[in-house]
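Right, one structure below, let's go through it.
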Amino acid sequence: MPPDTDDDPFEVQKERVDNPMRRLFDEYGRENTAQFVVGVLASVAARILDLLPPVVLGLAIDAIIRQDKSFAAGFPVIPEAWVAPFVPGTRVGQFYFAVGIIVVSFLGGAAFHWLRNWGWNSFAQHIQHAIRTDTYDQMQRLNMEFFADKQTGEMMSILSNDVNRLERFLNDGMNSFFRLSVMVVAIAAILLSYNWQLALVALFPVPLISLFTWKFIQIIQPKYADVRSSVGTLNSRLENNLGGIQVIKTFNAENHESDRVDDVSGDYFDANWDAIDTRIKFFPALRILAGIGFTLTFLVGGLWVIQGEGPGPFTGTLAVGEFVTFILLTQQFVWPLAQFGQIINMYQRARASSARIFGLMDEPGRLEEQPNAPELDITEGRVEYDDVSFGYDKNENIIEDISFDVAGGETLALVGPTGAGKSTVLKLLMRMYDTDEGAIRIDGQDLREVTLRSLRRQVGYVSQETFLFYGTVKENIAYGTFDASDDDIVAAAKAAEAHEFITNLPDGYDTKVGERGVKLSGGQRQRVSIARAILKDPEILVLDEATSDVDTETEMLIQRSLDELTADRTTFAIAHRLSTIKDADQIVVLEGGHIVEHGTHDDLLGDGGLYAHLWGVQAGEIDQLPDEFIERAARRQAEVDASDD
Ligand code: ADP
């Protein structure tokens, strides 16, 4: 099978996974062995029972109607001695015996069909559920670097498409595989035991059909790969456009986007049509091959019966009933062969899917915790950055040699132009990433030596991008403090100046916020997120431009509550509006990932450096700024713009 790299984002890990299907059965199949065994046995039993009526019909013709041979001796494969004790001696008795077999085969067939479907479905569903939850758990634990490289769509595709594809194979594929194998083997055995010469005639198209099906798979597979790749492109485009619908409208880009969708949808159409065109030719061709086999069997068998001896090279006798059974079974024989192609196809796709799933499971990008790491124990809340350097890309440091020491309860503000690395410094404190050099310590404990859970439980984070989950306002405030009482939630909302707007919402605290909180304004979302942090009552607080999205009046109100919140806990704050951080105990000015100034507001104003200039800009003293500052700002802006492209 050609590798379908186009829709395969995890190609690299995938190649590292040996024998993914074996692993699938080893790691997940074992727990469901009982269902598997039930599935296999019931498939075999159901198929064998299905084959009884044509055999009994042939037998009835020869033994009961024409009385050419003994009923007990007429069963294919089964020795006469086994059957004889059960067969009645009279014609009528034998007829009712035949009816009885047919009734048993239908009733038993129905029961085994049910059991078979129960076994396979249960097997497949249990594995699907276990794999999906395991994959999600693993995905959640991967570090942020992994998510920066991969698109959400790719992850969704693994969690839904790949997992579903496995389920389909485990259910339909395996089910059909056993059913068809039993059928092919059993029919071949019956035909050969009746009359091996006519059986060869009936089986003559088998190699041809197999070869033809194999060839068909070779031709259709690359076409299916094209279809999957083009449907992937189409879905990404649609997903992207629906997400950006507001931008499309505001830029009058509807026609442009319609054209683009038309293009990718056209590619999908072409690829799909190409595959359909091949597929719809396959079945008529197969029908012709099957027809040749059937006609030959009918021709040779018919002549044999009419003449009473084998035509041409054929020798021996053929009873009418055997001939009827031959004809009935030959017809049933061809379609399973054609379906093997589908099963092989399903198997290969399932194999690719499980390779992707295990590739993800093997992804090493996890922040390691030391075995038996202790919990972070915050007594004072002192935070030290000791010569910290870090880069998202290991070849390039984004921040370098960052050192500062914040005593418990103090507030440290980070100031500097966009892209200077302020957020990065704080992400390291949450251990979203590990430092490349240097160490961060809280009350003397290195972040890498304590459990992640205890760290994140005690650090509260309010970011500039407020993410709200689909659900109610109340649930969003209590996110992370899942056991909070309603009173606590209301108190936190009041402290974040959010209570008033929340009570004005249609359902108050029970109002649904929409996907990502779209039903709230930016400022409202931010206040919900501040309430969330207040409710969590962390030892250390990180405010990443927490008030960037609110109007000046609300900011003043929130600032008041934040002052209260930050009063006795160690706080890190990034703020563009310097007025909000001028009372901080320490202000660190970052530029290009380096600390360029460090001190209190008054110190830094006195130094007359970058901070003093920024302060001047915000105080409206642009006229008095030295030209050199304006040039530097323009240069920096140009760099930021260039790096955005
Ligand atoms: P600030 O908060 O000062 O605006 P950031 O810390 O957000 O700056 O970003 C510093 C630099 O790191 C920027 O050049 C930005 O493009 C880069 N950066 C931020 N996040 C990532 C990321 N997840 N992967 C790669 N680069 C990033």
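See the values below:
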| quantity | calculated |
| --- | --- |
| Residue within the stretch 400-417 that is surrounded by fewer than 17 Cβ atoms within 10 Å (Cβ to Cβ), more than 20 Å from Arg569 (Cα to Cα), within 16 Å of the ligand (Cβ to nearest atom) and not charged (D, E, K, R) present | no |
| Residue, surrounded by the most Cβ atoms within 10 Å (Cβ to Cβ), within the stretch 243-281, restricted to residues that are over 22 Å from Val227 (Cβ atoms) and among the aliphatic types (A, V, I, L, M) | Ile248 |
| Of the criteria (1) closer than 20 Å to Phe326 by Cα; (2) aromatic (Phe, Trp, Tyr); (3) surrounded by fewer than 19 Cβ atoms within 10 Å (Cβ to Cβ), which one Phe71 fails | (3) |
| Complete set of residues in the stretch 86-107 that are under 59 Å from the mean Cα position of the chain (by Cα) and part of a loop (DSSP other than H, G, I, E, B) | Val87 |
| Test result for Phe147, part of a helix (DSSP H, G or I), open to solvent by 60 Å² or more (accessible area, probe 1.4 Å) and touching a residue at least 12 places away in the same chain (Cβ under 8 Å) | no |
| Positions within the stretch 373-392 being within 18 Å of Leu590 (Cα to Cα) and either modelled with pLDDT under 90 or not assigned by TED's automatic domain parsing to the domain that holds Ile440 (or both), in sequence order | Tyr392 |
| Near pairs, Cβ below 9 angstrom, 6+ apart or cross-chain, from the stretch 574-594 (open to solvent by 40 Å² or more (accessible area, probe 1.4 Å) and at pLDDT 85 or above) to any residue that is of a type in the set (Val, Ile, Thr) and within 14 Å of the ligand (Cβ to nearest atom) | His594/Ile399; His594/Ile402 |
| Residue match in the stretch 365-372 (condition: within 16 Å of the ligand (Cβ to nearest atom), over 28 Å from Asp162 (Cα atoms) and either touching a Ser or Thr at 6+ places or on another chain (Cβ under 6 Å) or at pLDDT below 85 (or both)) | no |
| Residue satisfying all of: in the stretch 379-396; open to solvent by 10 Å² or more (accessible area, probe 1.4 Å) and within 16 Å of the ligand (Cβ to nearest atom); nearest to Met432 (Cα to Cα) among these | Tyr392 |
| Top-ranked residue of the stretch 430-449 - restricted to ones that are surrounded by fewer than 20 Cβ atoms within 10 Å (Cβ to Cβ) and assigned to a helix (DSSP H, G or I), ranked as nearest to the ligand (Cβ to nearest atom) | Arg448 |
| Cβ pairs under 7 Å, 6+ apart, first in the stretch 500-528 and part of a helix (DSSP H, G or I), second open to solvent by 90 Å² or more (accessible area, probe 1.4 Å) | Glu515/Tyr470; Arg516/Phe467 |
| Check on Ser423, open to solvent by 10 Å² or more (accessible area, probe 1.4 Å), closer than 23 Å to Pro538 by Cα and not in a loop (DSSP other than H, G, I, E, B) | yes |
| Breaking point among (1) in a loop (DSSP other than H, G, I, E, B); (2) out of contact with any helix residue (DSSP H, G or I) (no Cβ under 6 Å at 6 or more places or on another chain); (3) among the aromatic types (Phe, Trp, Tyr), for Phe404 | (1) |
| Criterion violated by Ser70 - all others in (1) assigned to a loop (DSSP other than H, G, I, E, B); (2) within 16 Å of the ligand (Cβ to nearest atom) satisfied | (2) |
| Meets criteria (assigned to a helix (DSSP H, G or I) and within 27 Å of the chain's Cα centre (by Cα)) for Glu239 | yes |
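The values are calculated or read from the model by the stated rules, or taken from the named source; none is laboratory data. Remember, it's a predicted structure, so these values are computed and weren't measured experimentally. Quick reminder, even Gly has a Cβ in these numbers, built from the backbone with ideal geometry, and neighbours come from all protein chains shown. Only protein heavy atoms, including side chains, enter the accessible area calculation; ligands, DNA and RNA are left aside. Shrake-Rupley method; radii C 1.70, N 1.55, O 1.52, S 1.80 Å.
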